[in-house]
Structures are given as structure tokens and as C-alpha cells.
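For reference, the structure discussed in these notes is given below.
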């Protein structure tokens, strides 16, 4: 009773007026499809402990400014495991979300598929995956919260499949549960902090902060807010120098100046609030690329912003992930370009920097939503161009864009260092040159 009350209390702390959905007709009777000895008794005992007849609680509630569908796992019921009836309830909850056009919030604490139901239980992973995919195709966001523990199929089919993934501090998160892997494999890699560091989780959130964080996400990503064809994100105003550089080298020096406004300042000035996503979901994070969703003049705008460093493969993959998610949800995108170029060391090559840049190029090229680009600092070759829209790019007076840095051009052409300023002029990299050459539509003021 106490554990179930805690789960219901969690649900009711997140959503006001929680109303549970009527469950689909039960498919499981007696000792189940395998005639597992004592399974009926096990389910009866679990129901008594959890004060529930299954391991999930599904319903709708008001979360902040809008309604959402909630799916909450009760670990007291057979370890939050998933059988046929569990899967049917989860799939039905996604169908409700699709019919009502409400975001889905899954609060997961599960040991995986229920062994007493064998392959019938395992098949639920396919059904749940299809349900997640259907709502995604309909532009409905899915937010997962990984509680302790989240293992097995519910991490792979439900938690990791979400658009935004949150985790409870210290939560055990892994595909293989603790009892089926080596006892030595129980370090940070299997906990929430490790998943955050590896780019598999967007944010670790304390339970006390969870209602506020989820309310913010529901507000920014609610389908009711994202209707129709989005207008392009307005071009941010320039925050730095107002005058144009007289020479190419002066443009380079101003873009590299430590006092020049950076991405954080532009995002703070542009958005009244914002939520950042983190990681490429493939094992990496790059703090040199800030991605997420924010509110600008009452509208939701997605952003991918370079912070001035040489970006890694994880950074480009995270940016591509953001653009594709925005496209899925119908949210316009703002990209801020500021990088000397992509990382080019051995680690970058092993990490797949080339394919990652290609992924970012493709995401921008394929986007059906408008992408607005502002170059706010260095525009270094393909690593910068990957985030720039070919038709909607602007540049600030203290920025430049070049096929190659003038110093590197000198090295390739075997010129003396004293010739670097002349090469900067030859490269036509100043803001006014970029407009004249047709690369930029204008200079932000």
C-alpha cells in the first residue's frame, strides 16, 4: 500500500486532477500463457503489496499550463515488470495521447520483461516501440523520467525512445540488470550521472524539481502550442560591435576577441525561458554546442548554438538531433554559428567527425521547418557551415566566415606569417563581403 501510494503521490505531484484511464480487457488469466507454477498467486500477492492490479498507472492530468498523458510504473508490483496486460495499457495510453493530442510523460521504474509470461511479455517491446513511433510521426512529444531502477526493455523500448530523457539522481539505468551482469559492472556507467556524461540523458532532476521541469517542457512542447506551419525564428539583434571592420584581419581579430558576446549572452537576450537538451544519445556530449527549446515573443523556438570551441562529433550529432526533433514537432529553429572549425585530432577521427558533420548538414537540409542562422563569431569552414541554413543566414558586424582560417591558408600556400593579413583580405571573409557574395542575407544590427 505504501509503495503504491508513493507512486500515485508522485503522479499527483506532477499533474493536477489526475484521471486514470479505464484499462483494456485483461489478456492474462490463471498462471498465464506459460502456465507458470504459482504465477496467479504471485500476481495476487503483488496486487496486495502495491494496492494495484498491474505494474503501470496510466491517465491524464494537467501539468503546468497544459494537459498530458502520464504512464507511471510501480516497482512494488513484480519489480515494475512488463507483461501482456502492462504492454496493452502502455499502448492504450499512447493511443489516448494521439487522439487527444497530448504530450506523453513516462515515469519508469522497471526490471524489464516479465519472465513468467515468456515471449508474450518480450513481444510487448515491439508493441510499445510502435506506439512511440506513431505518436512521434504525429508530432506529439514524449518525455521519459528514468527512476530507480530502469533496466532491460523499458530502458531500450520506452525510456531511450523518448524525445527528452530525464533521470532521477543515482538511478540505476542499464539494459542488463544487476543480477544478470558481472558484479564488478556497477559503477558510474550504470547510474544516472554516467548516462548524462555519456550523452544518453538530457538532465538529472531531483524529485522535488520534477513537477516544475515537466511543467516547463509541457508548456514549450505541447502540440496545442505548435499548430500550423511555423514562421521563421526572427533574427536576433547583434550584441557586440556596431561598425563593420575595414580589413579582413580586423574582422578576424574582432571575432576572436575575448570580450565579444558569446552564445550564452545571445540566448539569454533572445529567450524569456529555455530548456536545454544534452548529448547525442550515442555515447557523447559536447559542451561547445548548446541545444534546446526556448520561448521568444510567446512562441517556441528550437536552438543549436556553438560556443566558440572546436566541436566534436558528439556536438554535431546533438545539433542534428535537435534539428530533427524540432522538425518532428513543427518548431522553427535558430542556429548560432561560432567555431574555429571541427575538431581534427585523432580522437575526433575515431569518434566519426566526418559522418557527424554530414549528419548535421543533412538535418538542416532536410528540415521542413524554417531554420534561421546568425553567425556571431568565427565561421570556420565546414564545421561552421554544417549549422548554417543555405537560404536564411545573417552575420553580426563582429563575425567572419571563411573557407579556411587565414593562418592555415598561409601554411598551405607556403606563405610567410607576415602575409596572413593580405590573405585575410583575399578570402573576402568580412560581414559585408559575405553579403556581397550572396552567402549572407544581411548584417544583424
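The values are calculated or read from the model by the stated rules, or taken from the named source; none is laboratory data. The shown structure was predicted, so the numbers you read here are calculated from the model rather than taken from an experiment. Backbone-built Cβ (ideal geometry, glycine too); neighbour counts: all protein chains shown.
Side notes on the structure shown:
- Selected residue [modelled with pLDDT of 95 or more, closer than 25 Å to residue 34 by Cβ and crowded, with 22+ Cβ neighbours inside 10 Å] from 105, 128, 119, 143: 128
- The set of residues in the range 220-232 that are surrounded by 18 or more Cβ atoms within 10 Å (Cβ to Cβ) and part of a helix (DSSP H, G or I) comprises 220, 221, 223, 225.
- Single residue of the range 326-350 satisfying the filter (surrounded by fewer than 22 Cβ atoms within 10 Å (Cβ to Cβ) and within 21 Å of the chain's Cα centre (by Cα)) that is farthest from residue 161 (Cα to Cα): 330
- Within the range 305-322, tally of residues that are in contact with a strand residue (DSSP E or B) (Cβ under 6 Å, 6 or more places away or on another chain) and more than 24 Å from residue 215 (Cβ to Cβ): 7
- Taken over the range 32-52, the criterion of being in a loop (DSSP other than H, G, I, E, B) and in contact (Cβ under 8 Å) with a residue 24 or more places away in the chain is satisfied by 32, 33, 34, 36, 51, 52.
- When the residues of the range 1-24 are filtered to those that are in contact (Cβ under 8 Å) with a residue 12 or more places away in the chain and part of a loop (DSSP other than H, G, I, E, B), the one that is nearest to the chain's Cα centre (by Cα) is 15.
- In the range 240-299, the residue that is surrounded by the most Cβ atoms within 10 Å (Cβ to Cβ) out of those that are part of a loop (DSSP other than H, G, I, E, B) and on the phi > 0 side of the Ramachandran plot is 279.
- The condition of being buried (at least 24 other Cβ atoms within 10 Å of the Cβ) and over 22 Å from residue 303 (Cβ atoms) holds for only one of 386, 410, 402, that being 402.
- Highlighted here are the helices (runs of 4 or more DSSP H) found entirely within the range 363-445 that include at least 3 residues which are assigned by TED's automatic domain parsing to the domain that holds residue 316 and within 32 Å of the chain's Cα centre (by Cα): 381-385.
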